[in-house]
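Right, one structure below, let's go through it.
Readers should treat all values here as calculations from the given coordinates under stated rules, not as data from a laboratory. Here the structure is a predicted model, which means the values were calculated and not measured. Because the Cβ atoms are built from the backbone with ideal geometry, glycine has one as well, and the counts that use them run over all protein chains shown.
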Amino acid sequence: MEDKIIWKDKKRPIFGLPISFTTYTLTQEKLLCDFGILNRTQEEIWLYRIVDVTLKRSFFQRIFNVGTVHVCSGDRSNPEFDIISVKDPLKVKDLLSSKVDEERTNRKVNANEFLDM
């Protein structure tokens with residue numbers, strides 16, 4: 001069974017235009033990050049493993065309504081990563097946060113399980 005796509009966008013590095021080969025896809029259970037032109041890499045982060053989501057916006061990003069969403073996860077292979085220069089970043093951050101909470105509730109997982117205490 002394939003996951004339903006909730007949100008999808010491309011990295012927008014120049015004037016908020018999607019001139020990039022980097023794409024981000026949010027499904028019910030995962031966040032997928034695809035990178036590369038000829039050689040493609042796909043990183044997969046399970047939503048229930050995401051611990052923190054932060055929005056970063058430079059002056060120029062605010063002008064073009066783009067921003068970077070910084071994500072911290074309990075994933076050992078990819079503990080921190082950025083969803084770089086996406087359109088409507090506050091909406092993306094809020095959507096991601098709500099889906100993370102929803103997925104944790106569905107799996108009965110607590111974020112403290114991923115923190116080294």
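Run the simple label-point estimate for residue 55 and residue 80 please: 7 Å along Cα→C-beta, distance reported in nm.
If labels sit at residue 55 and residue 80, their model points lie 2.1 nm apart.
Just order 88-95, 55-62 by mean Cβ neighbour count inside 10 Å, highest at the front, would you?
Averaged packing, sorted descending, gives the order 88-95, 55-62.
Assuming 0.36 nm per residue, please report the length gained on full extension of the stretch residue 8 to residue 64 beyond their Cα-Cα distance.
So the extension gain works out to 18.3 nm.
Just want the answer: with Cβ charges of +1 for Lys and Arg and -1 for Asp and Glu, which residue in 110, 59, 36 is farthest toward the dipole's positive end in the chain?
59
Once Lys and Arg get +1 and Asp and Glu get -1 on their Cβ, which of 50, 23, 79 lies farthest toward the positive end of the dipole of the stretch 5-107?
Looking along the dipole axis, the top candidate is 23.
Tell me which label goes with the value of semi-axes √(5λ) of the Cα gyration tensor in Å computed from the coordinates here: [x] 25, 21, 8; [y] 24, 16, 13; [z] 27, 18, 11.
Matching entry in [x] 25, 21, 8; [y] 24, 16, 13; [z] 27, 18, 11: [y].
Measure nothing fancy, just the Cα-based angle from helix 89-107's long axis to the longest principal axis of the chain, in degrees from 0 to 90, nearest 10.
For helix 89-107, the angle is close to 20 degrees.
Set the Förster radius R0 to 25 Å, insert the Cβ-Cβ distance between residue 72 and residue 20 as r into 1/(1 + (r/R0)^6), and round the FRET efficiency to 0.05. The partial results should precede the final answer.
On the way: r = 23 Å, r/R0 = 0.93.
Efficiency, rounded to the nearest 0.05: 0.60.
Let's see if you can work this out: charge +1 on each Lys and Arg Cβ, -1 on each Asp and Glu Cβ, no other charges. What is the dipole magnitude of the chain about its Cα centre, in debye to the nearest 20? The partial results should precede the final answer.
Details: 19 positive and 18 negative charges, 98 e Å.
Computed about the Cα centre, the dipole is about 460 debye.
Could you compute the FRET efficiency for residue 41 and residue 95, with r as their C-beta to C-beta distance and R0 at 25 Å, rounded to 0.05?
Working: r = 24 Å, r/R0 = 0.96.
For R0 = 25 Å, the calculated efficiency reads 0.55.
May I ask you to derive the relative contact order of the stretch 5-107, considering only C-alpha pairs under 8 Å and at least 6 residues apart, and to give it as an integer percent?
24 percent
From the cross-link list 8/30; 8/99; 11/108; 8/108, which pairs have alpha carbons spaced over 23 Å apart?
Beyond 23 Å: 11/108; 8/108.
Leaving out same-chain residues fewer than 8 places away, which aspartates and glutamates sit with a Cα under 16 Å from that of residue 56?
80, 82, 88, 94
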